[in-house]
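Below is one structure, written out as structure tokens, with a few remarks after it.
Rule-based calculations on the coordinates, nothing more; no lab input. All of these numbers come straight from a predicted model, not from anything done at the bench. Methodologically, a virtual Cβ is constructed for each residue, glycine included, from the backbone with ideal geometry; neighbour enumeration extends over all protein chains shown.
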Amino acid sequence: MEMNWILIRYGEIGLKSDYVRRSFEDRLINNIREGLKDRGIEGEVKRGYGRIFVNAEEVKEASEVLKRTFGVVSFSPCKKIPTDLEEVASELSKLGEEVLEEGESFAVRVRRTGDHSFSSKDVEEKAGSKILESRNVEVDLDSPDKKVMADIRQGQSYIFSEKIDGPGGLPLGTQGKVISLFRGDCSSLLATWMMMKRGCSITVLHGEMEPYSSEKTFTSSLEVLKKWSHGSEIELIEFDLGDKIFRFSEEGEKGYTCALCKRFMQRLASKAARKTNCKAIVTGDYINGRLDDFRLYDSVSSTPLIRPLIGMNKEQINKKCSEIAPGVQFEDSCEAEDKADAEIRKGKLEELEEKVSMEDLLKQAEKEVFEDENT
């Protein structure tokens with residue numbers, strides 16, 4: 001059966017007020033169009049009540065775009081036909097003949113919106129009878145091997161046999177901008193992705209850490225994010241962090257290098273957030289040590305911090321990353337990170353910040369980051 005339409009379902013958007021719902025639908029439609037355009041796919045994107053529809057010849061390629069479009073809960077490649085009881089039942093029967101193997105069980109599922117002279121059950125019974133007459137199969141309404149389905153909407157009906165999961169969430173770009181402390185490791189990738197799923201546009205703040213860490217992992221991770229970003233391009237801010245890490249490790253003390261680096265990044269990110277109109281800072285932190293340390297890091301920032309991974313452990317983070325970025329080999333992005341067990345003391349940390357001339361290092365980084373602006 002030729003299927004050149006795709007029926008798209010969303011979730012949270014439908015719970016919003018009429019005005020917000022319309023705005024979010026517009027954004028989702030725009031993001032889908034941008035995703036199709038990026039892949040060179042010609043297609044028409046239309047709005048329907050509670051649904052969005054794509055009409056394209058390259059259905060398989062368009063499906064790959066929808067799998068990475070935030071706001072899409074599920075979708076179905078389908079055939080569009082007029083709403084007539086006999087025709088809908090006949091098309092469902094033809095589809096059943098195509099997808100069902102001998103001896104398999106099936107169920108017909110029909111969803112109907114609007115006023116019609118027949119019910120959803122009428123369609124299911126008529127189509128089911130036709131399928132039973134044409135194939136050696138059996139009905140199983142509870143746990144069928146296959147389903148043939150129809151979504152009937154006033155004058156048009158959509159026939160399909162599968163529901164493909166999308167990422168869900170909210171359309172990218174509906175919740176404002178956040179700045180991500182993006183090292184390119186597994187945790188920073190997942191934290192950034194999760195904020196994108198909640199509708200946030202992303203500005204990436206990345207400190208190049210050579211010779212302490214290769215940029216290969218960062219480049220691979222950024223390419224992964226770009227595949228999910230259609231409709232809201234990722235903004236990249238880069239600077240040299242390697243020379244700052246050298247300063248922290250040479251003039252600091254054992255157990256304090258990582259803390260100095262994190263407080264440096266929080267300060268710089270807070271300044272960058274104000275200049276780029278970002279509403280929050282996102283980090284890939286999770287509980288892997290002392291909660292009190294977070295207070296030391298956060299106290300230097302004037303911008304709210306978000307830690308999407310705070311309730312996850314390393315195993316859960318790695319598993320989710322492998323789903324988002326299959327085949328990508330992540331490595332520890334900071335070999336200079338100090339694993340010492342000694343408790344970090346605020347007074348000592350502030351003393352070391354003066355010793356390494358933290359303010360001078362920040363001014364240097366600001367000049368790199370905002371070289372075209374007065375800082």
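How large is the helix-only mean residue ellipticity at 222 nm for the chain, computed as the sum of -39500 (n - 2.57) over DSSP H runs with n ≥ 4, divided by its residue count, in deg cm²/dmol to the nearest 500?
Here the helix-only value at 222 nm equals -13000 deg cm²/dmol.
Ranked highest first by average number of other Cβ atoms within 10 Å, how do 37-46, 301-310 line up?
Working: 37-46: 14.3, 301-310: 16.9.
Listed from highest to lowest mean packing, they are 301-310, 37-46.
Among [x] 35; [y] 39; [z] 27, find the value of percent of Cα pairs over 36 Å apart that was calculated from the structure presented, and write down its label.
The calculated read-out lines up with [y].
Can you compute 3J(HN,Hα) from phi for each residue in the range 48-53, using the Karplus curve 6.51 cos²θ - 1.76 cosθ + 1.60 with θ = phi - 60°, rounded to whole Hz and x for Gly and Pro?
Result, ordered by residue: x, 5, x, 9, 10, 10 Hz.
Provide the net charge surrounding residue 207, with neighbours chosen by a C-beta distance below 9 Å and charges set as Lys +1, Arg +1, Asp -1, Glu -1.
On the way: positive: 183, 244; negative: 208, 238, 240.
My count for the surroundings of residue 207 gives -1.
Please arrange 18, 298, 240, 165 by how many other C-beta atoms lie within 10 Å of their C-beta, fewest to most. The partial results should precede the final answer.
Numbers: 18 7, 298 18, 240 14, 165 11.
Exposure proxy ranking, most exposed first: 18, 165, 240, 298.
Any chance you could run the full-extension gain for residue 16 through residue 250? It's 0.36 nm times the residue separation minus the Cα-Cα distance, nm to one decimal. Could you put the intermediate results ahead of the total?
Working: separation 234, 0.36 × 234 = 84.24 nm, distance 5.41 nm.
Using 0.36 nm per residue and subtracting the Cα-Cα distance, I get 78.8 nm.
Alpha carbon centre of the range 160-176 versus the range 196-229: separation in Å?
The distance from the Cα centre of the range 160-176 to that of the range 196-229 comes to 22 Å.
For residue 254, list the lysines whose Cα falls under 20 Å from its own Cα; do not include residues on the same chain fewer than 8 positions away.
Straight-distance partners of residue 254: 244, 262, 339, 346, 348, 355.
Please enumerate, by chain and number, the lysines with C-alpha under 21 Å from the C-alpha of residue 146, excluding those fewer than 8 residues away in the same chain.
Once the sequence-local lysines are set aside, what remains near residue 146 is 60, 79, 80, 94, 121, 126, 130, 163.
Can you compute the modelled spin-label distance between residue 359 and residue 323, with each label point 7 Å from Cα toward Cβ, in nm?
Computed distance between label sites residue 359 and residue 323 equals 4.8 nm.
Which of 230, 206, 116 ends up with the largest GNM mean-square fluctuation for the chain, with Cα atoms connected below 10 Å?
Checking each option, the largest mean-square fluctuation is seen for 116.
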